[in-house]
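Written below as structure tokens is the structure these notes are about.
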Amino acid sequence: MKRILSLVTALFLLAALLPATASIYDPDAVIMYVVTPDGNKLNMREQPDPNAKVLTKIPYGAEVTVYSDFLGMVWYHIQYGMFNGYVKTEFLTDRHPKPFITPTPKPTAKPTQKPTPTPTPSPAELIAREIQAARSLGLVPQGMLSEGNVSWQELDGLLTNAVRLKSKNSAAIRSHVYLTLEEYQAANVGAQFNIVLRGVAAAEMYGALIDMGDGNPALNHSHDPYIADAADVVLTQEYAGVAAAAGSSDWRRLPLLDMVITVLDHADAGSRHPVMSLDAEHLFLPAHPLTRTDAILGVYRLYHSFYAGIGTVLVTHTRQANLRAEPSMNAEIIGKADPGNVYEVVGIPSNGWYQIMLPNSRTAYIAAGMVSFSMN
């Protein structure tokens, strides 16, 4: 009798030593195996956090049970023996690994000469790269050169292609046109030489912003440039034959100065290059012809100057989420997102990632496992 009592007592003591969550019944649990790059044991932690307490160390190749209640992109919830905790997903595999073989040390490499640093590209080279990128994107009309002044037809082709690319509709047309071809040919804005003045080009770009989905392109003037030749902008509007009318519902009746400032306020979201620029004396030169190079660069940067939101994400994880430069766990971390933060989604590049707009107008990528998504 004493022997039976001793055995029962021992069992109670052993049960008291087990963790409260030592076993979970889960019909969807799966068996996986530990695999580490160096053959060392794997830390099992109390919480899905690299700084959490280590419960035990699991040998290479050991079999573990993976529960379905926490299948994250970074951590798995597992059972190993009497221990219940979390391990990084990258150290588990669904196939029994081969025995670990310690690699043979590589011989000491001979010192090599440092590579010659790549020279910084010149401004002309950077412009050539942007023009080539615009052509590769399909923005530049077939056969359009990058030398000389741009014609109404060429600018219309550039802006139409931008609208089609942004809307993903190959049949889209420009519905917000400042001057139709007939109006342009009848106006005193360079039509007799088949060129487009910079001020009129800015108005055409303003209309293209609306066509590309920028619902209120003049909403943000936080970076408005100083324009010293405002009188020349007004004169260019007179050349176009479109009179400004305060309070008019026709966007073409806006003061051309407002449209110029709006376009100058836009910049490529990646390079931060302005859509159209001022000269060294802060002059916009609205009555000067727009060159083909400036037209290609301007429309290319205009296309990249804003994103149309497709929804929002809410950071639902209890810890900060990493913001990355690319949609990959190996990409550079460029920031952190606090729990409860909401961001506009501007792209879904692949399963498991969202491209979001940050408060500084830059974009970043966040893992889908850290957020909940709501479509607009």
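Structure values in brief
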| read-out | value |
| --- | --- |
| Shape of segment 29-150, Cα gyration tensor, a/c cut at 1.5 | prolate |
| Qualifying aspartates and glutamates (Cα of each under 16 Å from Cα of residue 88; at least 8 residues distant if same chain) | 38, 46, 49, 63, 69 |
| Ellipsoid equivalent to segment 315-376 - semi-axes via the Cα gyration tensor, in Å | 14, 14, 12 |
| Packing rank of 108-114, 297-303, 338-344, 362-368, where each peptide gets the mean count of other beta carbons within 10 Å, highest leading | 297-303, 362-368, 338-344, 108-114 |
| Read-out P(r) over Cα pairs in 20 Å bins from 0, in percent, derived from the coordinates shown; its label in [x] 21, 37, 24, 14, 3, 1; [y] 31, 61, 7, 0; [z] 28, 63, 9 | [x] |
| Segment 71-219 - percent relative contact order, Cα under 8 Å, separation 6 or more | 15 percent |
| The chain, relative contact order [Cα under 8 Å, separation at least 6], % | 11 percent |
| Segment 26-89 versus segment 139-170: alpha-carbon centroid distance in Å | 55 Å |
| Computed over segment 147-216: relative contact order in percent, which uses C-alpha pairs under 8 Å that are six or more apart | 40 percent |
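Readers should treat all values here as calculations from the given coordinates under stated rules, not as data from a laboratory. Quantities reported herein were computed from a predicted structural model and do not represent experimental measurements. Virtual Cβ from ideal backbone geometry, glycine too; neighbours counted across all protein chains shown.
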